[in-house]
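Have a look at the structure below before the remarks.
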């Protein structure tokens, strides 16, 4: 499954912030320096989904706030349920 994200770094806390267009908006406390925000995104999603970090791969957007993450091992409807977004 592919998940499109709009990441907001340097937030006050890590949280899902709803859906904007066709992207899930995600706020992370990490700064956008030395891939810290990218690592925070993967760690946060792995924790939310209850899957190992190795099942998440950042495919696009390493230097952009618009990211695409590949998720393996979990069905799309289960990802939507666990993240609380419409399927």
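Within the range 72-83, which residues are under 17 Å from residue 22 (Cα atoms) and under 13 Å from the mean Cα position of the chain (by Cα)? I'd like the intermediate steps shown before the answer.
Here is the first cut: in the range 72-83, the residues under 17 Å from residue 22 (Cα atoms) are 76-77, 79-81, 83.
If the condition is that a residue be under 17 Å from residue 22 (Cα atoms) and under 13 Å from the mean Cα position of the chain (by Cα), then 79, 80, 83 are the ones that fit.
Suppose the filter is free of Cβ contacts under 8 Å to residues at least 40 places away in the same chain and either out of contact with any strand residue (DSSP E or B) (no Cβ under 7 Å at 6 or more places or on another chain) or surrounded by 16 or more Cβ atoms within 10 Å (Cβ to Cβ) (or both); does residue 5 pass it? Write out each step before concluding.
On the way: free of Cβ contacts under 8 Å to residues at least 40 places away in the same chain: no; either out of contact with any strand residue (DSSP E or B) (no Cβ under 7 Å at 6 or more places or on another chain) or surrounded by 16 or more Cβ atoms within 10 Å (Cβ to Cβ) (or both): yes.
In short, no.
Go through the range 7-87 and tell me which strands (runs of 3 or more DSSP E), entirely inside it, have 2 or more residues that are touching a helix residue (DSSP H, G or I) at 6+ places or on another chain (Cβ under 6 Å) and at pLDDT 95 or above.
Numbers: elements: 15-20, 23-27, 56-60, 66-71.
Qualifying strands (runs of 3 or more DSSP E): 56-60.
I need the full set of residues from the range 33-57 which are surrounded by fewer than 17 Cβ atoms within 10 Å (Cβ to Cβ), more than 9 Å from the chain's Cα centre (by Cα) and more than 16 Å from residue 13 (Cβ to Cβ), in order please. So that I can check it myself, show each step before the final result.
Within the range 33-57, the subset surrounded by fewer than 17 Cβ atoms within 10 Å (Cβ to Cβ) is 33-36, 39, 43, 46-48, 50, 52-55, 57.
When the remaining residues are screened for being more than 9 Å from the chain's Cα centre (by Cα), the result is 33-36, 39, 47-48, 50, 52-55, 57.
Residues satisfying the conditions are 33, 34, 35, 39, 50, 52, 53, 54, 55, 57.
The values are calculated or read from the model by the stated rules, or taken from the named source; none is laboratory data. The shown structure was predicted, so the numbers you read here are calculated from the model rather than taken from an experiment. Because the Cβ atoms are built from the backbone with ideal geometry, glycine has one as well, and the counts that use them run over all protein chains shown.
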